[in-house]
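One structure is given here, and the rest of the page talks about it.
We did not get these values from a lab; they are worked out from the coordinates using the rules stated. Computed from a prediction, not measured in an experiment: that's the story for all the values here. Virtual Cβ from ideal backbone geometry, glycine too; neighbours counted across all protein chains shown.
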Amino acid sequence: MAFTTHNQASPYVSPWTIGFRFKLLVWEYCWLCFCAWTPKPLNAWRLLWLRAFGARLSGVPFVHQRARIPMPWNLEMHHRACLGDRTNAYSLGLICIKEEATIAQEAYLCTGTHDFSSPALELRTAPIVIGARAFVGARAFVMPGVTVGADAVVGACSVVTRDVPARTFSAGNPCKVIRPRA
């Protein structure tokens, strides 16, 4: 797991510049004004706004109107990938969701943490990759630097701290492989 450390003088100083924070604010208001109120069938409209802010979308993924994506320029979604109702793609680092993967309601993909060995508690980010046709259950929490393999299933409310092998059922806190997926 390769982490990127963002320099901070102290835990009370943001690693983001004023210009970057302004960009975050503009995105947040655009999503609120133009997307958050839209019905499910207006997915193409939401995808248009995500692309305008730098999301890399191939084919036709689905993004629920109540999904939360703080930095769309760090989001990559492939054909028929799905971010469900109230999912949180905390995209401080890259989140890649491969084709036909599903992130169920209220799941949390978290690419950021802190360097707890440092007094400044610098922000650390690492990418998350969700493999093709994988399923991340409701309210699951996926930590930075984790890869969920293709065709894997992560159970609801699981806390995923390590990579999940392809074609397996995994669940729990911490998430562990339960059995292979036939």
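Points to keep in mind about this one:
- Candidate lysines for bridging to LYS40, where Cα separation is under 27 Å - those fewer than 8 sequence places away on the same chain excluded: LYS23, LYS98
- Counting DSSP beta bridges with both ends in segment 4-180, the antiparallel % (nearest 5): 25 percent
- Residue-averaged 222 nm ellipticity for the chain, from DSSP H runs of 4+ at -39500 (n - 2.57), nearest 500: -4500 deg cm²/dmol
- Listed residues SER170, SER158, SER117, most fluctuating in the chain (Gaussian network, C-alpha, under 10 Å): SER117
- Shape summary: segment 4-180 maps onto an equivalent ellipsoid whose semi-axes, from the alpha-carbon gyration tensor, are 25, 23, 12 Å in decreasing order.
- Positive minus negative residues near THR38 (Lys, Arg vs Asp, Glu; Cβ under 12 Å): +3
- Rounded to the nearest 5, the antiparallel percentage of DSSP beta bridges internal to segment 91-182 is 30%.
- For the chain, with +1 on Lys and Arg beta carbons and -1 on Asp and Glu, the positive-most of VAL160, THR17, ILE178 along the dipole: ILE178
- Largest GNM mean-square fluctuation across GLY54, GLY145, GLY131, computed for the chain with C-alpha springs under 10 Å, falls on GLY54.
- Charges were assigned to the Cβ only: +1 to each Lys and Arg, -1 to each Asp and Glu. The resulting dipole of the chain about its Cα centre is roughly 360 debye.
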